[in-house]
Amino acid sequence: MTAPALDALEALESEAIHIFREVAGELERPVILFSGGKDSTLLVHLAAKAFAPAPVPFPLLHVDTGHNYPEVIQFRDDLVAELGLRLHVAHVQDWIDDGRLVERPDGTRNPLQTQPLLDTIAEHRFDAVFGGGRRDEERARAKERIISLRDAFGRWDPRSQRPELWNLYNGRHAPGEHVRVFPISNWTELDVWRYIQREGVALPSIYYAHERDVFRRDGMWLAEGPWGGPRGAEQLVHKTVRYRTVGDGSCTGAVESAAVTVEEIISEVMASRLTERGATRADDRLSEAAMEDRKREGYF
């Protein structure tokens with residue numbers, strides 16, 4: 001008898017679970033990057049399925065800019081408590097306070113996450129760092145392999161990417177180096193939402209339509225907060241919005257939406273011509289190669 005064919009979501013899930021197990025068997029100190037967003041929450045869900053009924057064998061690492069939405073931080077803490085996970089938090093504010101980093105004039109802290117990330121990886125000697133990057137998010141991410149080598153300084157060089165034929169993944173690295181691992185690299189935003197619907201994965205409430213005071217800047221709806229704003233002629237208005245991605249509040253915009261269910265969000269995503277990063281992340285608009293430049297420095 002032949003096994004029944006997998007549907008598209010089952011095939012993606014199977015690939016991701018295979019990657020988690022391969023890395024667990026090959027490397028010694030993996031960690032899952034966790035922001036509280038849908039992609040990193042999906043990673044935790046897949047890791048839990050990969051090793052059930054045992055607990056997830058990896059800790060989580062959150063690089064906290066201090067400009068996160070309260071709903072996301074609460075969701076993170078609740079998920080950690082529910083699943084009995086280990087959590088490391090690198091607070092960007094600590095690096096600013098002791099002079100290792102300097103606050104940017106524009107107030108955004110997303111570009112400041114790189115140094116705390118690399119320092120924490122070195123401190124805990126993590127040799128594999130799982131991330132939720134997808135190839136449809138931003139064109140620089142399409143250059144990544146599923147297992148991506150980073151040098152002793154945490155830097156990424158697209159020329160050092162290794163071939164991955166027949167689902168064979170190479171995690172070998174020299175002392176001081178580590179690998180970034182992207183189990184959902186072959187997923188799209190639509191795949192993620194369809195899987196969330198099928199599995200009933202819980203997400204922070206800001207992914208669903210809600211009322212919020214926002215102001216318009218650079219074509220995006222931003223919320224007021226400790227990161228500053230509104231400024232000058234910018235005016236707060238009351239809108240029904242939701243977030244397609246979560247991150248530093250100074251550069252993560254909301255979209256006007258009435259979608260309060262996963263089904264309604266899926267309809268929106270199917271109709272959208274822009275990825276979530278392209279539509280709502282100001283830090284990706286700093287230059288044509290903003291993401292690639294940050295990745296070369298060691299960014300997620």
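The values are calculated or read from the model by the stated rules, or taken from the named source; none is laboratory data. Worth saying up front: this structure is predicted, and the values here are computed from it rather than measured. With ideal geometry, Cβ positions are generated from the backbone for all residues, glycine too; neighbour counts draw on all protein chains shown. Areas reflect the complete protein model, heavy atoms only, side chains present, ligands, DNA and RNA absent. Shrake-Rupley method; radii C 1.70, N 1.55, O 1.52, S 1.80 Å.
Being open to solvent by less than 50 Å² (accessible area, probe 1.4 Å), out of contact with any Lys or Arg (no Cβ under 7 Å at 6 or more places or on another chain) and not basic (K, R) is the filter; apply it to the stretch 90-111 and report the residue that is modelled with the lowest pLDDT.
G107
Pairs needed: first member in the stretch 1-30, surrounded by fewer than 16 Cβ atoms within 10 Å (Cβ to Cβ) and at pLDDT 90 or above; second member anywhere, among the polar types (S, T, N, Q) and part of a helix (DSSP H, G or I); C-beta distance under 8 Å; at least 6 residues apart or different chains.
Note: pairs meeting the criteria are H18/N167.
In the stretch 282-294, what count of residues is obtained for those that are closer than 25 Å to R150 by Cα and either buried (at least 16 other Cβ atoms within 10 Å of the Cβ) or modelled with pLDDT of 60 or more (or both)?
Going through the stretch 282-294 one residue at a time, the tally reaches 8.
Looking at (1) part of a loop (DSSP other than H, G, I, E, B); (2) of a type outside the set (G, A, S); (3) open to solvent by 60 Å² or more (accessible area, probe 1.4 Å), which is the one condition that is false for D78?
(1)
Just to be sure I understand, how many residues within the stretch 167-191 are farther than 25 Å from A122 by Cα and not hydroxyl-bearing (S, T, Y)?
Of the residues in that region, 7 qualify.
Let me spell it out: the conditions are (1) under 15 Å from the mean Cα position of the chain (by Cα); (2) exposed (fewer than 15 other Cβ atoms within 10 Å of the Cβ); (3) of a type in the set (V, I, T), and I73 meets all of them except one. Which number is the exception?
Checking I73 against (1) under 15 Å from the mean Cα position of the chain (by Cα); (2) exposed (fewer than 15 other Cβ atoms within 10 Å of the Cβ); (3) of a type in the set (V, I, T), the one that fails is (2).
Pull up the stretch 269-278, narrow it to residues that are buried (at least 17 other Cβ atoms within 10 Å of the Cβ) and not basic (K, R), then point me to the one that is modelled with the highest pLDDT.
V269
Quick check on my filter: what residues within the stretch 47-70 are open to solvent by 30 Å² or more (accessible area, probe 1.4 Å) and either touching a Gly at 6+ places or on another chain (Cβ under 6 Å) or without any contact (Cβ under 8 Å) to a residue 60 or more places away in the chain (or both)?
A48, K49, F51, A52, P53, A54, P55, P57, P70
Do the conditions hold for R134, that is, is it within 30 Å of S272 (Cα to Cα), part of a loop (DSSP other than H, G, I, E, B) and open to solvent by less than 10 Å² (accessible area, probe 1.4 Å)?
yes
For the stretch 192-231, enumerate the residues that are of a type in the set (D, E) and over 30 Å from A11 (Cβ atoms).
Of everything in the stretch 192-231, those that are of a type in the set (D, E) and over 30 Å from A11 (Cβ atoms) turn out to be E211, D213, D218, E224.
Go through the residues of the stretch 161-184 one by one and say whether even a single one is in contact with a Ser or Thr (Cβ under 8 Å, 6 or more places away or on another chain), modelled with pLDDT under 85 and among the small types (G, A, S).
no
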